[in-house]
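I have placed the structure first, in the form of structure tokens, so that the comments after it can refer back to it.
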Amino acid sequence: MPASTIQVSPQVHRHNLYTLTDSSECGAEKEEEEDPSKRLTPLEKLTLEMCKDENTIKELTVGKRVGFYKVHGQIGCGNFSKVKLAIHALTKDKVAIKIMDKMRLDLQTQRMLSREISNMESLYHPNLLQLYEVLETPSRLYLVLEFAGGGELHTRIISGGKLSDRESKIVFAQVLSAVKYMHENNIIHRDLKAENVLYATNSCIKVADFGFSKRVKNHNQALDTFCGSPPYAAPELFKDESYIGPPVDVWAMGVLLFFMVTGSLPFRADTVAKLRQSVLDGAYVLPTWVSAPCQRLIRGILKPEPLERCALDQMLGCEWLLPVELFRPIPPLYQLNPIHLVEADPGELDRDQEEVKGILEKLGVTHEHILNNQGKRVRSPITGVYRILLHRVKRNRGAEFVPTISGVVKDPKRDSLRAYRNLRHSSKLPSFNAESHSQQSVQKPWAVCKQYSN
């Protein structure tokens, strides 16, 4: 067999991973290409380019393209990944692609990654960063995520100083809404911090990075993994004992709120050992300029005993957040699956889905494409383009509107929530003897501590 044939065959097979049905072949477009009377749809044209255009194939080979995405510059990095900006070749929407080298992923990291994908797949909330698609090659794994172009909350505060009381209310209300939704679906974030709160617009925020998230059977399930960032870690995490998840997220929200309204962290030290003692001592000082209602909320959250901390409903009804109108409809999870466009009865699709269906048809995505990709869920290019379009349509219709601040409205339903402020959690902390681990010192107090397998 000639050497040139040996070189071409693997390329065709590899790029065929990005075609749209199990039976699709690059050569299937040949007849259409030779027939000038037949006009190719945008999807057919893109598929043909990925199989036959030399420049496109070269971009795919060197990583300048991944599936239907044109990859641009780097916008972030983590311990095991880097994040790059990309543009969907069909929809022209910006996305963020989290890229991981599979050769560097040990067994523990692979489990965490699988859990991250699964948890993101089961969440759909306006203030949670959305997962569009997952792609995989022999050497790399790609998570295609919603692009939040406004940057991190941490960067905004470090460069511009503390937030105003009004802006702090707007940001914290959205974080609260997102975390409450996660907990209602039995998922604990376990890495809430300012670096993981992103601005999608000037005021709309997204909670991101679910690498340490954990699905629990119930809110009393014992966990024993120290993970996340030490300055945001609850006292029980530093005791090397078991803990329950929700109060850990609540504590981190208290640290986050303190950071927003003061511009500094409540617990600071040069080493994890000193930081640990500071957290266990509960030694922090609230500046006098922080409003009294906000101070009461922070003190209600940052309580050493997990069972005494504010519950999420208590925060929702507290005096500081009472003027904030944050209630919004949460879309049903089934909307993330494009198969609903095919299986829905006449008149069952809402206005957003009807608009998305029309755009997909113009791009050349047919019912057959959707049916042939059924069961692949997030590992499907059809799911990717559908979710991107659905998100765009919903965003343009105001689905991600930011909370508004009004005067204190006498609403009996919301006023009644204030009664929660003096209540305690009724659950008890189960006893569990976790194996002792040594703490490592870090150069910066916000550096990520060593993670241990759960």
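The values are calculated or read from the model by the stated rules, or taken from the named source; none is laboratory data. This structure is a prediction, so every number in the text was calculated from the model and none was measured. Every residue, glycine as well, gets a Cβ built from its backbone with ideal geometry; the counts of neighbours run over all protein chains shown.
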**Q.** Residue count, region 279-310 (criterion: hydrophobic (A, V, I, L, M, F, W, C), part of a helix (DSSP H, G or I) and surrounded by 13 or more Cβ atoms within 10 Å (Cβ to Cβ))
**A.** 7
Q) Do we have L176 as closer than 21 Å to V324 by Cα, modelled with pLDDT of 95 or more and within 14 Å of the chain's Cα centre (by Cα) here? A) no
**Q.** Test: residue in region 133-142 that is more than 29 Å from L360 (Cβ to Cβ) and touching an Asp or Glu at 6+ places or on another chain (Cβ under 8 Å)
**A.** yes
(Q) Let me confirm something: among L237, L257, which residue is in contact (Cβ under 8 Å) with a residue 60 or more places away in the chain, touching a helix residue (DSSP H, G or I) at 6+ places or on another chain (Cβ under 8 Å) and buried (at least 19 other Cβ atoms within 10 Å of the Cβ)? (A) L257
Q.
So, in region 77-100, how many residues would count as being exposed (fewer than 15 other Cβ atoms within 10 Å of the Cβ) and farther than 28 Å from L360 by Cβ?
A. 4
Q: State the number of residues belonging to region 194-212 that are of a type in the set (F, W, Y) and either touching an Asp or Glu at 6+ places or on another chain (Cβ under 6 Å) or not in a strand (DSSP E or B) (or both).
A: 2
Q: Answer with yes or no whether E167 is within 26 Å of I330 (Cα to Cα) and in the same structural domain as E184 (by TED's automatic domain parsing).
A: yes
Q. Scanning region 135-188 for residues that are of a type in the set (F, W, Y) and within 30 Å of Q221 (Cβ to Cβ), which turns out surrounded by the fewest Cβ atoms within 10 Å (Cβ to Cβ)?
A. Y181
Q | Options A252, A269; residue that is touching a residue at least 24 places away in the same chain (Cβ under 8 Å) and either closer than 27 Å to A222 by Cβ or in a helix (DSSP H, G or I) (or both) | A | A252
Q. How many of the residues in region 64-111 are closer than 18 Å to E152 by Cα and out of contact with any Cys (no Cβ under 9 Å at 6 or more places or on another chain)?
A. 16
Q) Are any of the residues in region 49-56 at pLDDT 90 or above, assigned to a strand (DSSP E or B) and crowded, with 16+ Cβ neighbours inside 10 Å? A) no
Q) Take the residues of region 311-332 that are of a type in the set (A, V, I, L, M) and assigned to a helix (DSSP H, G or I): which is modelled with the lowest pLDDT? A) L316
Q: Find the residue count for region 215-234, including only residues that are surrounded by 21 or more Cβ atoms within 10 Å (Cβ to Cβ) and not in a loop (DSSP other than H, G, I, E, B).
A: 3
